[in-house]
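Okay, so here's the structure we're looking at.
Any read-out appearing in this document is the output of simple, stated calculations on the displayed coordinates, not a laboratory observation. Owing to the predicted nature of the structure, the values given are computational and were not obtained by experimental measurement. Here the Cβ positions follow ideal geometry from the backbone for every residue, glycine too, while neighbour counts run over all protein chains shown.
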Amino acid sequence: MKRIIIFLLCFLSLPINLATADDDYISISHENDNFGGNSDRYYTSGSRLTWFNESIEVPPGIDKLADKIPTFDLNDTTSVFYTLGHNLYTPADITLEDQPLDDRPWAAFLYGSVGLTTATEYQSEKIGHVDELEFTLGVVGPEAMGKPVQRFVHKYLSDSPSPRGWKNQLDFEPGVVVSWRRRMPYAWHYSYDDLVHARIEPNFAISLGNVYTYAGTGATFILSSQKYQDTPPRVRPALPGTGVFADNTNLFDWQIFAGLDGRLIGRNIFLDGNTFSDSHSVDKKYLVGDANAGFSLVFGNTRLSYTLNARTKEFQSQSENSIFGSLTLTQKF
């Protein structure tokens, strides 16, 4: 518990100047395999609370780190976001007390992150690309509170069986990840009478750290009633959007999206096991792909989004692909 308190104090000590806030977006995202089809197995749950602001100052220290990234530039469009998140990973059968040798380890990840986004224009009113940089600090192991969180949810909020194998979870380990992503929102776009807007958004991503190390690419097709409406936030390694949307002038606005992403995996602690101690591990697959589709509805300053995600097998002995859904509620202030 002492380690968790120190971690949270370090994260929350970053200066936040609310007085300069202009457009704030608070997003609550929850991903769960019960929303998709695979119940209580593999990547079983992920929650993410994100505050995104378009005008506050970049925190001291973070700007110096960003300057060292050769592909990232700070400019007048730079926005800042803060995130707190919690992920759960289990084998296929959570009622077993002993760890199956051919199944993934029990693990949880509690983390906080600070991120920046910057838009670079190539023509008037056109965005050439959007760069995103995120610095994540977290903990893996009992301190990540996977056991009490899952047991509480299963006891009071669902009719799922009680998980019995948390004694086998990964050992305590601090987690550090630096993630970069570039998107080209208007690589291809088309508008019809300002009523329907279509675009294809390619992306490239790299994450480095002891929790995740991977490189990925993909593309998302977006159809919407608003020209400027980003996709909803997601839990990494899925490629998250900012959740930003324009002022609503209609009764409601809508967005439909579908995408494909692929990743070349160098490290995944939730499959490879602990970095600095012996722990259970499985033989991971080095190529993993995601296919997703979803929609968003905007009512005034509130947006509700749903995404269905199918992820290919992540380790050699995995019996089936992972299917999970994501719900996101975003409030604009």
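Considering the Cα positions of segment 93-196, please state its Rg to one decimal place and its Dmax as a whole number of Å.
Final numbers for Rg and Dmax: 21.6, 61 Å.
Ranked highest first by the average count of other Cβ atoms within 10 Å around their residues, in what order do 146-153, 325-332 fall?
Ranking, from highest mean packing down: 325-332, 146-153.
Which value, in debye to the nearest 20, describes the size of the charge dipole of segment 28-164 about its Cα centre when Lys and Arg Cβ atoms bear +1, Asp and Glu Cβ atoms bear -1, and nothing else is charged?
520 debye
What is the distance, in nm, between label points placed 7 Å from the Cα along the Cα-to-Cβ direction at Ser158 and at Lys285?
Spacing of the two 7 Å Cα→Cβ label points: 2.3 nm.
As a test of the definition: which semi-axes, in Å, follow for the chain when you take the square root of five times each eigenvalue of its alpha carbon gyration tensor? Largest first, please.
After diagonalising the Cα gyration tensor, the semi-axes are 33, 22, 19 Å.
In the chain, with Lys and Arg counted as +1 and Asp and Glu as -1 at Cβ, which of these residues, Ile94, Tyr214, Tyr306, has the Cα nearest the positive end of the dipole, that is, farthest along it?
Ile94
What is the gain in length, in nm to one decimal, between Trp254 and Ser47 on full extension, counting 0.36 nm per residue of separation less the C-alpha to C-alpha distance?
Gain on stretching Trp254 to Ser47: 72.2 nm.
Keeping to pairs on different chains or 8 or more places apart, tell me how many lysine pairs in the chain have Cα atoms under 17 Å apart.
Eligible lysine pairs with Cα atoms under 17 Å apart amount to 5.
Would you please put 60-66, 89-95 in order of how densely packed they are, using the mean number of other Cβ atoms within 10 angstrom per residue and starting with the highest?
Descending packing order for the listed peptides: 89-95, 60-66.
Report the charge-dipole magnitude of the chain in Debye, nearest 20, computed about the Cα centre from +1 at each Lys and Arg Cβ and -1 at each Asp and Glu Cβ.
For the chain, the charge dipole is close to 620 debye.
What full-extension length gain, to one decimal in nm, is calculated for Val196 and Ala246 as 0.36 nm per residue of separation minus the Cα-Cα distance?
Result: 16.6 nm gained on full extension.
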